[in-house]
Amino acid sequence: MTDPVDDLQSVTGAICAGVVLYNPEIDLLKQNLEAINPQVGTIIAVDNGSSNLDGVQAALVGLPIHWVVNSLNQGLAKALNQVVDTAGALGFEWVVTLDQDSICDPDMVAEMLPGVADGVMMVAPRVIDRGFIGKDPPAALPTQDFEDIHRCITSGALTRVAAIKALGGFDNRLFVDQIDNDISLRGIERGYRIVLANKAVLNQRYGQTSIKRRVLWRTVRYHHYDAARIYYQQRNLVYVCRRFGKLYVPHPVFFATVRQPAAFAIKIVFQPDQRLRRLGSFFHGFFDGLRMSKVWPEVAS
């Protein structure tokens, strides 16, 4: 690491947490926020039209939360922009962005803090997918405490508020998927750094259901998503492949047109419910991704 911040205590005082909510599991959300609360100055909760908001707020009444309540779900990207804007308005320089069902280790923020340096846009924790518990562990943990990476998920990331604002914010068009890859790669294009803190741990759950199937000689694990989510997944994947090319993946055309469709075809064999609807969403998303403009109006300048 270069250009470390000497006074980590001053950085700690400039950190808040932000979480986006949409019909969360209340007990899990409470665990989430109770875990992050001792590590930050305050919590910003942006609710995207949850039907159980009254119960959520009642369960969290003892926590220091600054609420932003949207009447409708206008997407994760817009809500993340509200988190960043609110953090800036409250005087915080850094925000730990969290999903509603992620649980951080007690020392996650402390382990990320030494990664804060000039030019760093995000410091990311090592993410463990709780939906895949039981999967064989990696052969060896990373030997480096910190390493530069090209992209990370927003959940758990210690994010510099000024850097996100300088990029024009998260792309509202993406709604839910590829938001993290898009902001990461736009930051890399502008010369920012993203640092992975290998000792910091976030327990994350992806998707609605983790499914395990036996295919020939191996076990395949994957997540189950509904048709609406499949649309955004495919549309936004095609878009980021077109927008960032080899900065995103080594072979973007092959990835978007062969590898991902093949993977989806294999998965859908094991998902008989709403199979035609899922297929329709996949192709609808694919062609809409080809039509999306590479220039987002808010960041065109």
(request) From largest accessible area down, sort 94, 67; use a 1.4 Å probe on the protein chains. (result) 67, 94
(request) Starting from the Cα of residue 254, step 7 Å along the direction of its Cβ; do the same at residue 58; then give the gap between the two resulting points in nm. (result) 5.6
(request) Name the long-range amide H neighbours of residue 96: under 5 Å, sequence gap of 5 or more, or other chain; modelled H, no Pro or chain starts. (result) 16, 17, 18, 159
(request) At a 1.4 Å probe radius, which order do 294, 78 fall into by accessible area, largest first? (result) 294, 78
(request) Lys and Arg at +1, Asp and Glu at -1: add these up for the other residues within a Cβ distance under 14 Å of residue 226 and post the number. (result) +3
(request) Provide the FRET efficiency to the nearest 0.05 for the residue 295-residue 165 pair, computing r from the beta carbons and using R0 = 22 Å. (result) 0.70
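The values are calculated or read from the model by the stated rules, or taken from the named source; none is laboratory data. Fair warning: this is a prediction, and the values are worked out from it, not measured in the lab. Positions of Cβ are generated from backbone atoms using ideal geometry, with glycine treated the same way; all protein chains shown enter the neighbour counts. The accessibility values were calculated without ligands, DNA or RNA, using every heavy atom of the protein model including side chains. Shrake-Rupley method; radii C 1.70, N 1.55, O 1.52, S 1.80 Å.
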